[in-house]
1. For segment 114-124, enumerate the residues that are crowded, with 17+ Cβ neighbours inside 10 Å and either outside any helix (DSSP H, G or I) or in contact (Cβ under 8 Å) with a residue 24 or more places away in the chain (or both).
2. Just to be sure, is Ala78 open to solvent by less than 20 Å² (accessible area, probe 1.4 Å), in contact with a strand residue (DSSP E or B) (Cβ under 9 Å, 6 or more places away or on another chain) and either within 24 Å of Asn321 (Cβ to Cβ) or of a type in the set (Gly, Ala, Ser) (or both)?
3. When Ile273 is evaluated against the numbered criteria (1) open to solvent by 20 Å² or more (accessible area, probe 1.4 Å); (2) touching a Ser or Thr at 6+ places or on another chain (Cβ under 7 Å); (3) of a type in the set (Val, Ile, Thr), which criterion, by number, is the only one it fails?
4. Only one of Phe303, Phe311, Phe299, Phe320 is farther than 14 Å from Ile26 by Cα and either surrounded by 17 or more Cβ atoms within 10 Å (Cβ to Cβ) or more than 18 Å from the chain's Cα centre (by Cα) (or both). Can you tell me which?
5. What number of residues within segment 125-168 satisfy the criterion of being in contact with a Pro (Cβ under 7 Å, 6 or more places away or on another chain) and either within 21 Å of Ile61 (Cβ to Cβ) or loosely packed, with under 12 Cβ neighbours inside 10 Å (or both)?
6. Name, by its number, the condition in (1) open to solvent by 10 Å² or more (accessible area, probe 1.4 Å); (2) not in a helix (DSSP H, G or I) that does not hold for Ile96.
7. Would you list the helices (runs of 4 or more DSSP H) that sit entirely within segment 188-261 and hold 2 or more residues that are within 30 Å of Ser92 (Cβ to Cβ) and free of Cβ contacts under 8 Å to residues at least 40 places away in the same chain?
Amino acid sequence: MRDRLAKLNLIDLFLWVARAAILVVILVGTIKTIISNPYSLRNWEDFIIFGIAQGSMYALIAIGYTLVYGVLQMINFAHGEFFMSGIFASTSAVAIPLARSGYLASHPIPSLLLIALTSILISVGIALLTERIAYRPLRYAPRLMPLITAIGASFFWQYYFRGLFGSQVIPFPDIPQLQGTVSFLHTQVLKTHILVIFVTMVVLVALNFFISSTRPGKAIRAVAENKDVAALMGINVDRTISLTFATGAAMAGVAGMLYALVFQQVHFFMGFIPGIKAFTAAVLGGIGSIPGAAVGGLFLGLFESLGPSLFLQSLGIPAFNQLKDVIAFTMLVLVLIFRPQGIVGERLKEKKA
């Protein structure tokens, strides 16, 4: 103990004081909110349901980050643009024409399936193009080079789609069948939130089956474990890496569709903030772990929804509802400080390190 105290310098002391201060603020704010009880039970249920819906979208996007990191150990900062490109293009080219013709309102299910399929295909196409042109030539380069390339690819796709469809915010068409609420546990739940949660559960189950029970999924796991050994066993590593990008982009395409249904708008810059949040979710859960990405997404969504009202309101902080990003990234810092491997962690990462 004395040795540890002797090695403690001013920077370490400052960091420990900062960590303790954050925990004290959270604890005091939570206790004061519980005592004052400014919200009804229905309000808290609404916060939780919105948080789960928001976290579901983060989880789907975060899977793309964690899949690519698991295979290549690189952070693909262009992944937010895979999310944006699919729904931005499908809204402009498919959803709006269908709405104007009246087909979207009269046949919502086939219309939504067509919009979702278009979003997925475009996201996958952009991901494969980016992997083949920008990332594959740098496969064995120092890690900093693909990282910088990913940032450049992100800007390229943003401004490419801005040139194609314009810089204005495009409203996603209303679907009458998804308007309104449904009674659930003494509260009213938006139909779009129910759809988001249901679709996310189906997609995650399908992804788990694909990764754990199919030959391409097992190839992804083998390449993530050791590329050289996988190649010796007859696995085409380049094709498997492309499949990994395609799988993550398909998740992003689905997330883009759900995002448009909830927030009713798309634009060329819409991939930036959800992309950063999803990356945060992947780190929270334990980057490289698919269950971790899902858990991290839900964790982040719930804290964004509950945090401002639970931690900040009773402390008298003005405009506390606008500080959900502060809550999200503070949670990231705390998790990285106290559990650097994330909530779920990844045993494989220790072998790679």
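The values are calculated or read from the model by the stated rules, or taken from the named source; none is laboratory data. Treat the numbers as computed from the prediction; the structure is a model and nothing was measured. Glycine gets a Cβ as well: all are built from the backbone with ideal geometry, and neighbour counts include every protein chain shown. We work out accessible area using only protein heavy atoms, side chains counted, and drop any ligands, DNA or RNA first. Shrake-Rupley method; radii C 1.70, N 1.55, O 1.52, S 1.80 Å.
1. Let us first name the residues in segment 114-124 that are crowded, with 17+ Cβ neighbours inside 10 Å, namely 114-116, 118-120, 122-124.
Residues satisfying the conditions are Ile115, Ala116, Thr118, Ser119, Ile120, Ile122, Ser123, Val124.
2. Values: open to solvent by less than 20 Å² (accessible area, probe 1.4 Å): yes; in contact with a strand residue (DSSP E or B) (Cβ under 9 Å, 6 or more places away or on another chain): no; either within 24 Å of Asn321 (Cβ to Cβ) or of a type in the set (Gly, Ala, Ser) (or both): yes.
Considered against the rule, which asks whether it is open to solvent by less than 20 Å² (accessible area, probe 1.4 Å), in contact with a strand residue (DSSP E or B) (Cβ under 9 Å, 6 or more places away or on another chain) and either within 24 Å of Asn321 (Cβ to Cβ) or of a type in the set (Gly, Ala, Ser) (or both), Ala78 comes out as no.
3. Exception for Ile273: condition (2).
4. Numbers: Phe303 fails: farther than 14 Å from Ile26 by Cα; Phe311 fails: farther than 14 Å from Ile26 by Cα; Phe320 fails: farther than 14 Å from Ile26 by Cα.
Just a single option satisfies the conditions, and that option is Phe299.
5. From segment 125-168, those in contact with a Pro (Cβ under 7 Å, 6 or more places away or on another chain) are 135, 138; that's our starting set.
This time we only want the ones that are either within 21 Å of Ile61 (Cβ to Cβ) or loosely packed, with under 12 Cβ neighbours inside 10 Å (or both), so: 135.
Result for segment 125-168: 1.
6. Among (1) open to solvent by 10 Å² or more (accessible area, probe 1.4 Å); (2) not in a helix (DSSP H, G or I), the lone unmet condition for Ile96 is (2).
7. Working: elements: 191-213, 215-225, 227-232.
The qualifying helices (runs of 4 or more DSSP H) are 191-213.
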